[in-house]
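The values are calculated or read from the model by the stated rules, or taken from the named source; none is laboratory data. These numbers were taken from a predicted model, which means no experiment stands behind them. For neighbour counting, all protein chains shown are included, and Cβ atoms are generated from backbone atoms with ideal geometry for every residue, glycine included. Calculation scope for accessible area: heavy atoms of the full protein, side chains included, ligands and nucleic acids excluded. Shrake-Rupley method; radii C 1.70, N 1.55, O 1.52, S 1.80 Å.
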Amino acid sequence: MTATYAKEKEVAMDNLKPKEPLLAVMFGVMVTGLGQIYTGKIKRGIILFIIPLLPVIPLIYYVMDPYATTNLILFVILVIAAFSYEIFTIVDAYRCAKGHNFSNNLNRTITGGKKVWLIIGIIFFGFILNPSSIVAKGIALYIKQNVVQAFNIPTETMTPTLLKGDLILADKAIYKKEAPKRGDVIVFIYPENTKKMFVKRLVGLPNETLEIKNGSIYINGEPLKTVPFENRYYYNRGEYGKEGQVIQKPNDSYFVLGDNSASSQDSRYFGFVPKLYLIGKAYKIYYPFGRSGPIK
């Protein structure tokens with residue numbers, strides 16, 4: 001009984017020690033809720049740590065589901081809420097430390113030099129070695145390289161499907177599981193400058209012949225009369241789109257055209273796109289909000 005009492009008294013005395021608000025802030029920056037735990041509010045800290053994990057599922061759902069147009073507002077709200085929440089938890093950690101000291105009539109005993117070091121620590125952990133930030137960046141980098149990536153449409157070469165200024169998402173995993181299909185809007189590396197990426201519609205598949213005649217596309221001698229090709233006019237331009245010219249596409253290469261054929265720099269000019277240059281399939285417009293939805 002004596003040993004147990006001594007331990008309880010030791011814990012009680014420890015809780016009556018002043019808590020440095022700047023140290024609470026630094027802990028809060030390192031891990032959400034850790035600042036509250038430092039001040040003795042363990043349950044509060046655990047709850048604050050768990051709450052940010054809840055929005056992960058709807059965020060992933062919005063990114064991966066091409067038809068989740070109604071979730072865009074939720075996505076934007078969650079991004080704003082996540083930033084606001086982080087600020088709240090840091091401020092709350094500071095207030096918890098101040099409240100602990102005030103309610104127990106404790107005075108801070110920190111020197112000016114320690115204050116400086118704590119501020120440096122807050123900056124260091126907040127912007128350089130924040131564990132949660134490192135994990136988030138690692139996950140974001142993996143998703144960007146292997147799953148989905150956002151792109152901006154800088155020109156009008158894909159109108160009316162994509163407008164200048166549209167922000168889109170591209171599925172970077174799809175062509176690892178299935179072959180590209182005619183009609184897909186694809187993101188690919190520009191063959192004449194591998195530092196650039198283009199967005200066009202896939203028209204010609206490997207080992208087919210292609211000809212642009214009277215504004216229409218002919219594949220193996222037959223006109224394409226299906227959506228989205230039937231109501232568009234394609235011009236005879238460029239080295240690979242001359243009038244009367246029949247193009248034979250090599251193996252593992254594709255022929256791409258812009259939906260706005262009158263002003264598109266596409267396969268008519270730079271030729272075929274090797275399969276290795278395919279980045280992914282553009283599947284969703286996520287901004288502007290009024291145009292959010294699947295790309296067809």
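Using DSSP to define loop residues, name the GluC sites (Glu not before Pro) in the stretch 157-214 whose beta-carbon has at most 13 other beta-carbon atoms within 10 Å. Show your work: numbers first, answer last.
Values: sites: GLU178, GLU192, GLU208, GLU211; in loops: GLU178, GLU192, GLU208.
Qualifying residues, ordered by number: GLU178, GLU192.
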Of the peptides 272-278, 252-258, 23-29, how do they stack up when ordered by the mean number of other Cβ atoms within 10 Å, highest first?
23-29, 252-258, 272-278
For the pair LYS275 and VAL227, what calculated FRET efficiency results from E = 1/(1 + (r/R0)^6), where r is the Cβ-Cβ distance and R0 = 35 Å, to the nearest 0.05?
0.90
Where does the charge balance sit around LYS98 when Lys and Arg score +1, Asp and Glu -1, over other residues with C-beta under 11 Å from its C-beta?
+1
The answer for trypsin sites (Lys or Arg not before Pro) in the stretch 78-116 that fall in a DSSP coil and have at most 16 neighbouring Cβ atoms within 10 Å is ARG108
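State the three equivalent ellipsoid semi-axes of the stretch 139-283, derived from the C-alpha gyration tensor as the square roots of 5 times its eigenvalues, in descending order and whole Å. It would help to have the intermediate numbers written out before the result.
On the way: eigenvalues 126, 54, 37 Å².
Listed largest to smallest, the semi-axes of the stretch 139-283 are 25, 16, 14 Å.
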Once the in-chain neighbours fewer than 8 apart are removed, the lysines whose Cα is under 16 Å from LYS177 read LYS275, LYS281
Can you give the net charge of the other residues whose Cβ lies under 11 Å from the Cβ of GLN36, counting K and R as +1 and D and E as -1?
+4
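Net charge within 9 Å of PRO228 by Cβ-Cβ distance, Lys/Arg positive one each and Asp/Glu negative one each, not counting PRO228 itself?
Working: positive: ARG201, ARG232, LYS296; negative: GLU230, ASP259.
It works out to a net charge of +1.
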Express in Å², to the nearest 10, the accessible area of LYS17 obtained by rolling a 1.4 Å probe over the protein heavy atoms while all chains stay in place.
110 Å²
Under the Karplus relation with 6.51, -1.76 and 1.60 and θ = phi - 60°, whole-Hz ³J(HN,Hα) for the stretch 107-115, x at Gly and Pro, equal 10, 5, 10, 8, 8, x, x, 5, 4
